[in-house]
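Q: Below is a structure I'd like to ask you about.
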Amino acid sequence: MILGSLTGPRILSAAGLVVWLLIGATATSAQSAQEEPTTIGILKDGEWPVLDDLLAQIQAELEILVEGEFEVRFPAEKVADAGWQLELLGERFDDLLGDDAVDLVVTLGLASSQLALNQDRPLTKPVVAPLVIDVGTGNLPSAERGSGVENLTYVSIPNTLSDELATFQEVAPFARLALLVNEELVPAIGALIADTTSLAEEAGVEVSFVPAGRDARSVVAALPAEVDAAYIFPLRQTPEQLGALVGALTERGIATFSGLGREHVELGALATIAPEDWRSRLARRVALNIQRILLGETPAEIPVAYRQGRRLLLNMETLRRLDASPRWEVLLEAERLFDERADLPLLDLASAVGRAVESNLDLAAERLGVAAGSAQVEQARGQFLPSLELSLTGLEIDSESAAASFGSQPKRSWDGGLSLSQVIYSEGVLGNLAIERLLQLGREAFLEQLQLDIALDSSTAYLNLLRARNLVRVQRNNLRLTRANLDLAEMRRDVGAASYSEILRWRSQIASDRQSLVTAESNVQAAIIALNQLLHLPLEEEFRLEDVTLDDETLTPGQDQFRGYIETPKHYATLREFTVARALKRAPELVRLDSSVSAQRRVLRIARRAFWMPDVAAQASLEDRLDESGVGSEIDSPADDSSWSVALSARLTLLGGGRRAAVLAAEHELEELIQLRASTAEKIEQGVRSSMVATRASFTNVTLAQEAASAAAENLELVQDAYARGVVGVLELLDAQSASLQAEIGATDAVHDFFIDLMTLQRVSNRFDFFVDGAARSAWYAELEEYFAERGVEPWRPR
């Protein structure tokens, strides 16, 4: 179908619908091929890239429409350009009308289209005027649906300024509006200017009209001081000049709204509601009108009404610069350019995981626990080292007691002492030191385990945030599609091909799609908070994200080399065995449990030796009277003021102490740890094998999901085209749209599911690729090759 090839994905024009429904898709095939080519002359206001692009699209559309039936030419010598000198337009128009070599005239420009309508003498050949703004005064020529003027058809574009101003007030409220209009067009569009000014004032906005040239500084200088918003009509400026103009206006705090569309917003204008494809849709409408004339339809009877959809497009960077904050409802459905701030730090998957491992609070706490464990090891070692103690004692007693002691204990005295003790052998002390060393190995292994867990949690959180953001994009596009389908339904109703219930069905679908979009956006915020918590950042910190791709060497390194180990079931089974063996050898969970098992064996040894192994220690002490005074100090005591002692002791508990119960408890706890170790090893093996199976499947699913999404999108386009022609009903289109939506979500999810499975596999394998340097990766491949060689399996090679 011709029209289907012109629409692009999912959007049809009102003109296309009218042609197919009213004159039928078979009308052209009933015509005989034209023997003589049709020459089309072009009347242009002046040189302007926008008009040149519109003309090129008209030519392309018409060429497809009339292929095989009519030969149409657009000779360069039949393009009459008035060079923005409006007084020359009439002369150029007369030249085209009087040129016998020109069969049909298309007016390109507001002034030339207005001239065609105001022509005070009969038109001698068909004229198509595509840029007629309906200012609502009732002065446009019309008879029923057509122009009613012989040889004249035009496209009546409604002046939607009142709707635009209402929308723009929601984006950035303003009270004084400047209308910027191409200064060369001012004489030709007086009615449009007056109507626009009236509409703005009815909306409670004070209006200033500013003719705009190409110099941005001159335009800004001409603005009244109180202006806080500017509406940009199509201006004859280069993109660089227009960018400078909107930049200067934004710098002055003036919100800029564009009547031309997306290209202005991309250059810095705040907002537009003009559809992105307005030129292609208008070109298609013009081409269809020309085709109808070639088929013999009377130009004066061709419908002139034109429905133009409206979609809010926002430049979020400009919005931030103006410090404007629209309501949630306004932001919900708007298409948003530069939604991510360019000045935000860029975060990729590897840097997110690195930040989490470095800064996560759980890891920080565990590192302190490991440091405390090191101190505990030293504390246990200290119990086996010599202990030297110094003492000083000051004593004062009552005089009667001092006198009765006959000098052995004067009233006041100072005694000093020095004692040395050394554990010669103690199973408890030696065992405690060994146990603390083993427990410290366990603490270090748990720290490594927690690092791996945090790496997995942060990578999963990052990927879930990417998934949530992409889902918002998909849901927003789906909402735009539903609104486009509502436009189609309204077009069908206009020509009697649909009932009002169909309109209501699409409105219901829009409400449902908006709910899905709200949920998707809230999921993004929740995902941001979850990731920031793992990274120990302010919970609502913003950053730019780098998407993940299958060809990212930091995430999937050495794919060509790795392919040889996974290409067949036999190779993949061998790889699984290698990965399991390596995981069991390096798992920190098993290292930790092995340390606990060894420590518990030492506990059991202590408990058993407590029955027969004594604790042996040596002590030595020296004491001396340093000073004495008061009653009794004058009497010489027969005892020496200094004394010393040396002792060797052995201590063994013979009865009590719960020694047998301690042995039984230690034996049971040891067996418990051994069983727990076996269970953990089994779970690690199960995790590795399951993850490898899941990763292989999710990798394959990426391509399959993309194929499904492509097919569903193509099917949706065909069904939408059939819906526009009345071949299928609303339910069929809804089903196709729903299938396309789910397939697109599936294609987006498939990539993130694969990387989440890959991160899970790397976690259970105790090896994250973005923490591995080239040397370690080479060593890993060497170990892999050796493992395959030992089992007689050669890496797969393409033949």
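Q: Would segment 367-385 turn up any residue that is outside any helix (DSSP H, G or I) and of a type in the set (A, V, I, L, M)?
A: yes
Q: Filter segment 290-305 for residues that are open to solvent by less than 20 Å² (accessible area, probe 1.4 Å) and either of a type in the set (Ser, Thr, Tyr) or over 16 Å from Leu140 (Cβ atoms) (or both) and give the result.
A: Once the filter is applied, which keeps residues that are open to solvent by less than 20 Å² (accessible area, probe 1.4 Å) and either of a type in the set (Ser, Thr, Tyr) or over 16 Å from Leu140 (Cβ atoms) (or both), segment 290-305 yields Ile290, Gln291, Arg292.
Q: Still on this model: Checking the conditions here, which among Val631, Val719, Val688, Val727 is in contact with an Asp or Glu (Cβ under 9 Å, 6 or more places away or on another chain) and in contact (Cβ under 8 Å) with a residue 60 or more places away in the chain?
A: That would be Val631, the only listed residue that is in contact with an Asp or Glu (Cβ under 9 Å, 6 or more places away or on another chain) and in contact (Cβ under 8 Å) with a residue 60 or more places away in the chain.
Q: With the structure loaded, tell me whether Arg321 is buried (at least 18 other Cβ atoms within 10 Å of the Cβ), modelled with pLDDT of 90 or more and of a type outside the set (A, V, I, L, M, F, W, C) or whether it fails that test.
A: When the stated conditions are applied, Arg321 does not pass them.
Q: Consider Ala617 carefully, then state whether it is closer than 26 Å to Ser387 by Cβ and surrounded by 14 or more Cβ atoms within 10 Å (Cβ to Cβ).
A: The answer is yes for Ala617.
Q: Working only within segment 772-791, note down all residues that are closer than 20 Å to Glu567 by Cα and either hydrophobic (A, V, I, L, M, F, W, C) or open to solvent by 60 Å² or more (accessible area, probe 1.4 Å) (or both).
A: Trp780, Ala782, Glu783, Leu784, Glu785, Glu786, Phe788, Ala789, Glu790, Arg791
Q: Take Val429 and decide whether it is assigned to a helix (DSSP H, G or I), open to solvent by less than 30 Å² (accessible area, probe 1.4 Å) and in contact with a Ser or Thr (Cβ under 8 Å, 6 or more places away or on another chain).
A: So Val429 fails the test.
Q: Additional query: Check off (1) assigned to a helix (DSSP H, G or I); (2) open to solvent by less than 40 Å² (accessible area, probe 1.4 Å) for Asp163 and give me the number that stays unchecked.
A: (2)
Q: Out of all the residues in segment 261-274, is one or more among the acidic types (Asp, Glu) and closer than 26 Å to Pro49 by Cα?
A: First, pick out the residues of segment 261-274 that are among the acidic types (Asp, Glu): 263, 266.
Remaining after also requiring closer than 26 Å to Pro49 by Cα: 263, 266.
Looking through segment 261-274, at least one residue is among the acidic types (Asp, Glu) and closer than 26 Å to Pro49 by Cα.
Q: Let me ask something else about it. Applying the selection to segment 385-406, what residues are in contact with a strand residue (DSSP E or B) (Cβ under 9 Å, 6 or more places away or on another chain), over 19 Å from Val646 (Cα atoms) and touching a residue at least 24 places away in the same chain (Cβ under 8 Å)?
A: Selection gives Leu392, Thr393, Glu396, Ala402.
Q: Checking Glu329 against (1) modelled with pLDDT of 90 or more; (2) open to solvent by 40 Å² or more (accessible area, probe 1.4 Å); (3) farther than 23 Å from Pro49 by Cα: exactly one of these is not met. Which one?
A: Going through the list (1) modelled with pLDDT of 90 or more; (2) open to solvent by 40 Å² or more (accessible area, probe 1.4 Å); (3) farther than 23 Å from Pro49 by Cα, Glu329 breaks only (1).
Q: Can I ask one more? Looking only at helices (runs of 4 or more DSSP H) that lie completely in segment 238-331, which have at least 1 residues being among the aliphatic types (A, V, I, L, M) and more than 29 Å from the chain's Cα centre (by Cα)?
A: Per the criteria, 239-251, 278-294.
Q: So is Leu388 within 30 Å of Glu521 (Cα to Cα), among the aliphatic types (A, V, I, L, M) and surrounded by fewer than 16 Cβ atoms within 10 Å (Cβ to Cβ) or not? Please lay out each step first, then the result.
A: Details: within 30 Å of Glu521 (Cα to Cα): no; among the aliphatic types (A, V, I, L, M): yes; surrounded by fewer than 16 Cβ atoms within 10 Å (Cβ to Cβ): yes.
No.
Q: May I pose another question? With respect to the numbered conditions (1) modelled with pLDDT under 90; (2) crowded, with 16+ Cβ neighbours inside 10 Å; (3) part of a helix (DSSP H, G or I), which one is the sole condition not fulfilled by Glu87?
A: Every listed condition holds for Glu87 apart from (2).
Q: Hey, another quick one. Could you list, in sequence order, the residues of segment 521-559 that are among the charged types (D, E, K, R) and either open to solvent by 60 Å² or more (accessible area, probe 1.4 Å) or modelled with pLDDT under 90 (or both)?
A: Across segment 521-559, the qualifying residues are Glu540, Glu541, Glu542, Arg544, Glu546, Asp547, Asp551, Asp552, Glu553.
Q: What is the residue count in segment 560-602 for residues that are in a helix (DSSP H, G or I), open to solvent by less than 40 Å² (accessible area, probe 1.4 Å) and over 30 Å from Leu670 (Cβ atoms)?
A: 7
Q: OK, next. Which of the residues that make up segment 564-606 are more than 36 Å from the chain's Cα centre (by Cα), of a type in the set (Gly, Ala, Ser) and under 30 Å from Asn432 (Cβ atoms)?
A: Residues satisfying the conditions are Ser595, Ser596, Ser598, Ala599.
Q: Given the criterion at pLDDT 50 or above, exposed (fewer than 13 other Cβ atoms within 10 Å of the Cβ) and not β-branched (Val, Ile, Thr), identify the matching residue among Glu71, Glu61, Glu47.
A: Values: Glu71 fails: exposed (fewer than 13 other Cβ atoms within 10 Å of the Cβ); Glu61 fails: exposed (fewer than 13 other Cβ atoms within 10 Å of the Cβ).
Checking each option against the conditions leaves just Glu47.
Q: Can we say Ala80 is open to solvent by 10 Å² or more (accessible area, probe 1.4 Å), closer than 27 Å to Asn182 by Cβ and assigned to a strand (DSSP E or B)?
A: yes
Q: Can you name the number of the only condition in (1) at pLDDT 90 or above; (2) under 47 Å from the mean Cα position of the chain (by Cα) that Trp20 fails?
A: Result: Trp20 fails condition (1) only.
Q: Among the residues in segment 717-735, are any more than 30 Å from Glu682 (Cα to Cα), in contact with a Pro (Cβ under 7 Å, 6 or more places away or on another chain) and at pLDDT 85 or above?
A: yes
Q: Among (1) in contact (Cβ under 8 Å) with a residue 12 or more places away in the chain; (2) over 18 Å from the mean Cα position of the chain (by Cα); (3) outside any helix (DSSP H, G or I), where does Asp551 come up short?
A: (1)
Q: Kindly indicate the residue of segment 460-473 that is out of contact with any Asp or Glu (no Cβ under 9 Å at 6 or more places or on another chain) and modelled with pLDDT of 95 or more and also most open to solvent (accessible area, probe 1.4 Å) among those meeting that condition.
A: Looking at the filtered set, the residue picked out is Asn464.
Q: Go through (1) over 12 Å from the mean Cα position of the chain (by Cα); (2) without any contact (Cβ under 8 Å) to a residue 40 or more places away in the chain one by one and return the number of the condition Arg473 breaks.
A: Of the numbered conditions (1) over 12 Å from the mean Cα position of the chain (by Cα); (2) without any contact (Cβ under 8 Å) to a residue 40 or more places away in the chain, the odd one out for Arg473 is (1).
Condition check ((1) crowded, with 19+ Cβ neighbours inside 10 Å; (2) of a type in the set (A, V, I, L, M, F, W, C); (3) assigned to a helix (DSSP H, G or I)) across all residues:
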site	(1), (2), (3)
Leu718	no, yes, yes
Asp721	yes, no, yes
Glu732	no, no, yes
Ala739	no, yes, yes
Gln742	no, no, yes
Gly746	no, no, yes
Val751	yes, yes, yes
Phe754	yes, yes, yes
Leu761	yes, yes, yes
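Q: On the given criteria, is Ala489 closer than 30 Å to Arg625 by Cα and not β-branched (Val, Ile, Thr)?
A: Spelling it out, it is not the case that Ala489 is closer than 30 Å to Arg625 by Cα and not β-branched (Val, Ile, Thr).
The values are calculated or read from the model by the stated rules, or taken from the named source; none is laboratory data. Since this is a predicted model, take the numbers as computed values, not measurements. Glycine gets a Cβ as well: all are built from the backbone with ideal geometry, and neighbour counts include every protein chain shown. Accessible surface areas use protein heavy atoms only, side chains included; no ligands, DNA or RNA. Shrake-Rupley method; radii C 1.70, N 1.55, O 1.52, S 1.80 Å.
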